[in-house]
Each structure stands twice: as C-alpha cells, then as structure tokens.
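The values are calculated or read from the model by the stated rules, or taken from the named source; none is laboratory data. What you see is a predicted model, and the numbers here were worked out from it, not measured in a lab. Neighbour counts are summed over all protein chains in view; Cβ atoms, including those assigned to glycine, are modelled from backbone coordinates with ideal geometry.
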Amino acid sequence: MALIAVAGGAAFAELERGQTTTNGIYWAITTMTTVGYGDPQPTTTATKLLAVAVMLVGIGFVAVLTGSFAQRFLASDIAEEEQEVSEIEAVNREILAELRELRARLDALESR
C-alpha cells in the first residue's frame with residue numbers, strides 16, 4: 001500500500017504539472033482510502049486513469065484486510081460447523097445403510 005501511495009503520488013505529480021510529490025502522495029492516500037477531500041483533483045485523462053487504478057488498489061486492500069479479520073474471528077466457528085456436518089453426514093450414511101438393509105429384508109419377506 002505504501003508503495004502504491006508513493007508511486008501513485010509521484011506519477012500524479014509528474015502527470016499533473018504544478019503538483020508536488022508530497023501533494024501527489026496526499027492525493028493518492030485520500031483516493032485509496034476513498035476519503036477524497038477534493039484537493040488536488042485529476043484533470044488529465046492519464047491522471048484520471050491513474051486515479052481509477054489507485055482507487056481499485058485501495059478498495060481491494062480494504063476488502064482483503066476485512067476478509068482476513070473476519071476469517072480470524074470465524075475460524076473456530078467454521079471448524080466446529082465442519083465437525084458437526086461431518087458427524088451428521090456419518091449418521092446419515094449409517095441410517096441409509098440400515099434403510100437399505102431393511103428394504104432388502106422386506107423384499108425377501110415379500111417374495112416368500
């Protein structure tokens with residue numbers, strides 16, 4: 001993220017004449033965090049495309065970070081659920097085997 005902020009800010013400053021690298025980095029950080037205070041703004045097509053790329057990276061980073069935190073909190077619950085499902089499936093297999101055996105016995109009795 002820091003690399004994107006610095007590189008994006010430097011590219012912004014280079015493409016938008018009159019902007020300093022510091023302003024460019026400030027712009028990149030506010031764009032990545034979707035704060036977007038409005039100072040400075042991209043005016044050229046190249047900087048608008050750069051803005052889109054910086055926004056997507058920022059949003060993607062937040063999504064990955066949120067998913068990572070959620071996975072940490074839910075990992076034990078997921079493991080418990082998987083264990084319960086596994087146990088239920090084992091019981092279901094046993095019940096199905098018993099039903100098949102009963103069906104075979106019933107068919108044998110009916111055929112007599």
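Quick notes on this structure:
- Residues in segment 11-65 that are within 14 Å of residue 1 (Cβ to Cβ) and among the hydroxyl-bearing types (Ser, Thr, Tyr): 4 in all.
- Residue match in segment 29-42 (condition: outside any helix (DSSP H, G or I), in contact with a Leu (Cβ under 8 Å, 6 or more places away or on another chain), free of Cβ contacts under 8 Å to residues at least 60 places away in the same chain and surrounded by 12 or more Cβ atoms within 10 Å (Cβ to Cβ)): yes
- Residue 71 vs. criteria loosely packed, with under 13 Cβ neighbours inside 10 Å, at pLDDT 90 or above, within 26 Å of the chain's Cα centre (by Cα) and farther than 24 Å from residue 3 by Cβ: no
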